[in-house]
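Values quoted throughout were computed directly from the atomic coordinates according to the rules given, and no laboratory measurement underlies them. Predicted model, so just to flag it, every value in this text is computed and none were measured. All Cβ positions, glycine included, derive from the backbone under ideal geometry; neighbour counts span all protein chains shown.
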């Protein structure tokens, strides 16, 4: 649920970097719709642990700002190594905090889990390099939608209206985030209007 705030962070960060808030409302609503859908579908989050609350707040903040920063440095050859270094530092910090709060040592599957985390980071950066930050963030609405739809398919007997509304909100939010940005479409249309027609 915390990661569903990533599209909202990306919308605000992109508006701040472009020094334009004209389309901010149009960019905010898909992330807010995803959050509203998840609040209807999942148990209400508990805010009893300040440390955990801080981690949950920083996760979408760092993810969204990092995605915008990564996409803004498209012409830099150092962006992929720097992003991988940052991801490694974040994973290492998380592992250190986890180790400090545990009474025992490392779990038996810690090495395998770290390897899968590294692979996931590489794949996320590859996907982010091919998509815009907003379209990349659609995963935080689409993945919960697919998981919850699997639950509906497996147990279709009793589906309350609240669940249907939540699923619809997630679906609309994911579809809106996957759509190409309007400025790219208008730019392409403008370019096609300026191109002279080929002569026979």
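If you wrap a convex hull around the Cα atoms of segment 3-182, how much volume per residue is inside, in Å³? Provide the component values of the computation, followed by the final result.
Working: hull volume 28.3 nm³, N = 180.
Cα convex hull per residue, to the nearest whole number: 157 Å³.
For segment 6-69, what is the convex hull (Cα atoms) projected area averaged across all directions, in square nanometres? Provide the component values of the computation, followed by the final result.
Numbers: hull surface 19.4 nm².
Result: 4.8 nm².
Put a dot 7 Å past the Cα of residue 168, heading toward its Cβ, do the same for residue 29, and the two dots end up 1.5 nm apart.
Each label point was placed 7 Å from the Cα along the Cα-to-Cβ direction; for residue 57 and residue 127 their separation is 2.8 nm. Potential lengthening of the chain between residue 119 and residue 97 amounts to 5.8 nm, from the contour at 0.36 nm per residue minus the alpha-carbon distance.
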